[in-house]
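Novice: Dropping a structure here in structure tokens format, bear with me for questions.
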């Protein structure tokens, strides 16, 4: 199987479990790209994630940037298509089904049950990214915890966390 087809299939499967967006599947993306396939190492994965988050646009850019690093322009196209197309087709089908079943008594509890799943996946993504930067010991875990509490418990914009993380990164990497 060619590299481009492998990239398409890998990201296509990831897209189908991306409840909560691309960041929700970062742990599995890390497992697939770093641990199983060896396409990236921990440091490169963390750096590409940071680059994708620094760029304006949707979180899906993380897949595009990683696809580009793995397989150049073709890899970027396959990762982006793989991350978007299956999830879009699934969302379209589920939206039609939800519309037809909108009066069903079990639908609201089922939708509410997806919220903790998305939150758990996002928490796991934060932990994987902190672990990928393990050269700093427990500091990344402390930063993830402090950032989470800051965003959760204050009315300040999450952009302050991003700005603080950028400044902290500059200080630590000097």
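Here, each number is a calculation from the coordinates, and none is a lab measurement. Only a predicted model underlies this, so the values are computations on that prediction, with no experimental measurement involved. Cβ coordinates were reconstructed from backbone atoms using ideal geometry, including for glycine residues, and neighbour counts include every protein chain displayed.
Novice: So for region 3-132, averaging the separation of alpha carbon pairs under 8 Å that are six or more residues apart and normalising by length, what relative contact order in percent results?
Specialist: Details: 144 pairs, mean separation 50.1, N = 130.
Worked out over region 3-132, it gives 39 percent.
Novice: Starting from the 7 Å offset along Cα-to-Cβ, what nm value, one decimal, do you get for the label separation of residue 115 and residue 43?
Specialist: Going by the 7 Å Cα→Cβ label model, 4.2 nm.
Novice: I'd like the distance between the alpha-carbon centres of region 62-111 and region 5-53, rounded to an integer number of Å.
Specialist: Computed from Cα coordinates, the inter-centre distance equals 15 Å.
Novice: For residue 17 and residue 163, what is the calculated FRET efficiency with R₀ set at 22 Å and r taken between the beta-carbons, to the nearest 0.05? Mind dumping the intermediate values first?
Specialist: On the way: r = 31 Å, r/R0 = 1.42.
Computed FRET efficiency for residue 17 and residue 163 comes out at 0.10.
Novice: Another one. Among 150, 45, 11, which comes first, then next, by fewest other beta-carbon atoms within 10 Å?
Specialist: 150, 45, 11
Novice: Starting from the Kirkwood radius over alpha-carbon pairs of region 3-132, derive D by Stokes-Einstein at 4 °C in a medium of 1.567 mPa s and give it in µm² s⁻¹. Intermediate values should be presented prior to the final figure.
Specialist: Working: Rh = 15.4 Å.
After rounding, the answer is 84 µm²/s.
Novice: Something else: Along Cα→Cβ, 7 Å out, is where each label goes; now give me the distance between the ones at residue 127 and residue 145 in nm to one decimal.
Specialist: 1.3
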